[in-house]
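Here is the structure we will look at, set down as C-alpha cells.
The values are calculated or read from the model by the stated rules, or taken from the named source; none is laboratory data. Small disclaimer: the values here were computed from a predicted structure and weren't measured. Cβ: placed from backbone, ideal geometry, glycine included. Neighbour counts: every protein chain shown.
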Amino acid sequence: MRATLALTLLLSCLTGILSQHMNMDSAVTKEVVEGCLKENGVSTDDLADLQSGKVKSSDAKDNVKCATLCILVKSGYMDSTGSLLTEKIKQQFVNSPLSAAVEKDLERCSKVKGANACDTAFQVLACFQMQNNQG
C-alpha cells in the first residue's frame, strides 16, 4: 500500500490532483514532471521499485524527494525552502466547491516538515494524498 501511495504521490498526485484541481495545462504539467524527474535522475526503475514495494515510500531516495520539490516549485505551489504557498493554492479554489476541503488539507499539510526542503515536499504530498484518500 505504501508503494502504491508513493507512486500515486509522484504521478497521480502531481499530475492529477494539482493539475486537475488547479486547472494547470496537462501538457505543461507533464513536461514539468518529466523535466524534474530527469533533472533529479529519477529513473523508471526508481518509480517501479516504489510501485512494486521493493522500496517503501518511507525509504524513497533523496533524488525522488527532490524531484517532488522541483515539481512543486516549478508549478508555483511551494518555494525552494519547502514552504507551501498556501495563499496561492487557496486562490486557485476560491470559487470552487472544493474550497473548504482544500483549506482543511492545507491547514494540516502545510505544517508538515521534513529533514530538508526535498523531504518536506515529499512528506507534504504524502499528507495531501492521505487526506484525499480519506475524504
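Sort through L125, L85, L72 and tell me the only one that's free of Cβ contacts under 8 Å to residues at least 24 places away in the same chain and of a type outside the set (V, I, T).
Within the list L125, L85, L72, the selection yields L85.
Listed here are the residues, each with its yes/no results for (1) at pLDDT 85 or above; (2) in a loop (DSSP other than H, G, I, E, B); (3) surrounded by 19 or more Cβ atoms within 10 Å (Cβ to Cβ).
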| residue | (1), (2), (3) |
| --- | --- |
| S58 | no, no, no |
| K65 | yes, no, yes |
| C70 | yes, no, yes |
| T81 | yes, yes, no |
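For the range 83-92, enumerate the residues that are hydrophobic (A, V, I, L, M, F, W, C) and either modelled with pLDDT of 90 or more or over 18 Å from T29 (Cα atoms) (or both). Give the steps one after another, and end with the answer.
Kept after step one, since they are hydrophobic (A, V, I, L, M, F, W, C), are these residues of the range 83-92: 84-85, 89.
Result: L84, L85.
Here is a check on your reading of the model: is A100 in contact with a strand residue (DSSP E or B) (Cβ under 9 Å, 6 or more places away or on another chain) and either modelled with pLDDT of 80 or more or on the phi > 0 side of the Ramachandran plot (or both)?
Considered against the rule, which asks whether it is in contact with a strand residue (DSSP E or B) (Cβ under 9 Å, 6 or more places away or on another chain) and either modelled with pLDDT of 80 or more or on the phi > 0 side of the Ramachandran plot (or both), A100 comes out as no.
Among the residues of the range 28-48, write down those that are part of a helix (DSSP H, G or I) and without any contact (Cβ under 8 Å) to a residue 12 or more places away in the chain.
V28, E31, E34, K38, T44, D45, A48
Are any residues in the range 110-135 at pLDDT 85 or above, more than 13 Å from T68 (Cβ to Cβ) and touching a helix residue (DSSP H, G or I) at 6+ places or on another chain (Cβ under 7 Å), and if so, which ones?
S110, K113
For the structure I just gave you, tell me whether L106 is closer than 20 Å to Q123 by Cβ, in contact (Cβ under 8 Å) with a residue 40 or more places away in the chain and under 16 Å from the mean Cα position of the chain (by Cα).
no
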